[in-house]
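Everything on this sheet refers to the single structure shown next.
The values are calculated or read from the model by the stated rules, or taken from the named source; none is laboratory data. Values in this document were obtained by computation on a predicted structure and should not be read as measured data. When we count neighbours, we look across all protein chains shown, and the Cβ atoms used for this are built from the backbone with ideal geometry, even at glycine.
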Amino acid sequence: MMHRALIAATWGLVTHNVNQSSIKNHNGNGCTYLLRDVVTTADQMVEAYKDIVGAPGVSVSVSIDGNIVYCRGFGFADVEQGVKVTPQTKFRIASISKSFTSLLVGRMVDQGQLNLDADIKTYLPGFSPRTKEGNSVSITMRQLLSHTSGIRHYHKSKDENDDEYTGEMLSTKACDSALDSLAIFQNDALLYRPGEDYLYSTHGFTVVAAVLEAIMSKNYPHYSLFERPDRLKVPTGSGIGKMPEEVKSSSLFKELFKFLSLQNTCLDEPYNIVPFRARPYRRAKKNGRLENSPCVNNSCKWSGGGLLSTTPDLVKMASHLADIYMGRLCDLPQLAVVSRDTLVNCLWHPNRGTIQGLWLPGGLYGLGRSTTPIDKAKDSTHSDRLYVGHTGGAIGFTSILFMSLPIAATSTSDESDDPSSASHLPPICVAILANLENAKGIGQLAIHLTELFTAVLLTPHIWPAAPIITAEGPLSAPPIAIAA
């Protein structure tokens, strides 16, 4: 609570001048000064957050309509060696990895290989979840992806406190595949019957990845999630009963990164040399002293929290999804990682009872992302925007990827002619990565940065009115160039 109050107070101080004096009557060269003010204000906000939480380093990128307009590194990626954070610095993105996993699921749904509402035993006959009473139950992919399956997180019971699950988070065990990872928890009873409650579960996403591997294995080598040259579709050197490398979730993620042209996103492989990898840090509980976080191996949870990325790569991925949402790839489906229907009506569809934390007002969990439903968005500053995002916490790191999107409106909307309405503004994507465990307030920082750039776009002469999005689809918006 104290962190949130401090960040809110800092936000008020550093944005006072911009809100009250800078964002007024700018035209011509005045726009240049305004944009410089915004960059300065954003710098002050991030520096204040970094100092308040005590993070060694922070990376931030903001994109507007697919163009990166703000990209900054603050502090150190490696304190001992004095290596500064740059836009190329790779951080653990923690649970944002779940958003990547959901894209693999969505693509398989689009290709007719996966039914979200089928019993997962259809794909994983050897996985037999049971209640505390020992009764066998059915779990669906939709329940796994929305954290309503009953599969535990790092806690083995609801009564354990946060200090009691660090053993699995600190694991140095290596897993060959998601199917291999199931051994960690598959014999543990469900904490509740599927569909009865919401409990965030990284292990649930391990099951999701295992299902993907099972489907790929069954159809190998004739089916590929992403098109591959024929020479790669022929199994070579695969022993009987051994899973081919091409169908493992690790390979699926690599193909996804390639499809999205994410050159600085990769698996968090502990023994590989990864250029520009940030070191992990934490604050000692007793005295707050900065410490190196222990070494871990995240290969048992690639799908739930095992990826590395940069903030420019994250906003690039988010901008691709925004293009799909805006209907810009409807005529070029081969370029879209998933269809618009799957994205909006499956992955981003909010599930009742999955209330998120205070960082996202009115937020519910979709499938691999948190989202503010349209009827709840009225609680936000801009009632005509849809918020979609995911936070993350890993050993040594904290993360968020956040999107502000125009809510679909009819051409007769009363807000379409309102100059103070944000309904005509393009998508805004914000990514923040910090190399510190439990860096609280990162969600509020993302929202504050989003509000800052929304405010400048609402300023006359900065962003010309664009066509209103309709329920049918549409919409192109004029490009903008803001010098960061």
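Do we have S146 as of a type outside the set (A, V, I, L, M), within 27 Å of E451 (Cα to Cα) and modelled with pLDDT of 95 or more here?
Judged against the criteria, S146 is not a match.
Of all residues in segment 223-250, how many are at pLDDT 50 or above and part of a loop (DSSP other than H, G, I, E, B)?
So the answer is 11.
Give the residue, chosen from V69, V79, that is buried (at least 21 other Cβ atoms within 10 Å of the Cβ) and at pLDDT 50 or above.
It is V69.
Condition first: more than 16 Å from T454 (Cα to Cα), part of a strand (DSSP E or B) and small (G, A, S). Now tell me which residues in segment 41-97 satisfy that.
G57, S59, G73, G75, A77
Testing E291 on (1) surrounded by fewer than 18 Cβ atoms within 10 Å (Cβ to Cβ); (2) free of Cβ contacts under 8 Å to residues at least 24 places away in the same chain; (3) farther than 23 Å from T391 by Cβ, one condition comes back false. Which one is that?
The number of the failed condition is (3).
If I filter segment 33-66 down to residues being small (G, A, S) and within 27 Å of A284 (Cα to Cα), which single residue comes out as surrounded by the fewest Cβ atoms within 10 Å (Cβ to Cβ)?
Of everything passing the filter in segment 33-66, G54 is surrounded by the fewest Cβ atoms within 10 Å (Cβ to Cβ).
Scan segment 389-438 for residues that are among the aromatic types (F, W, Y) and at pLDDT below 95 and jot them down.
none
Applying the selection to segment 82-96, what residues are out of contact with any His (no Cβ under 7 Å at 6 or more places or on another chain), surrounded by 24 or more Cβ atoms within 10 Å (Cβ to Cβ) and of a type outside the set (F, W, Y)?
Across segment 82-96, the qualifying residues are V85, T89, R92, I93, A94.
Give segment 258-270 a look and list any residue that's surrounded by 16 or more Cβ atoms within 10 Å (Cβ to Cβ) and closer than 13 Å to A318 by Cα, or say none.
Result: L260, L262.
Among the residues of segment 119-129, is there at least one that is touching a Leu at 6+ places or on another chain (Cβ under 9 Å), buried (at least 21 other Cβ atoms within 10 Å of the Cβ) and in a helix (DSSP H, G or I)?
yes
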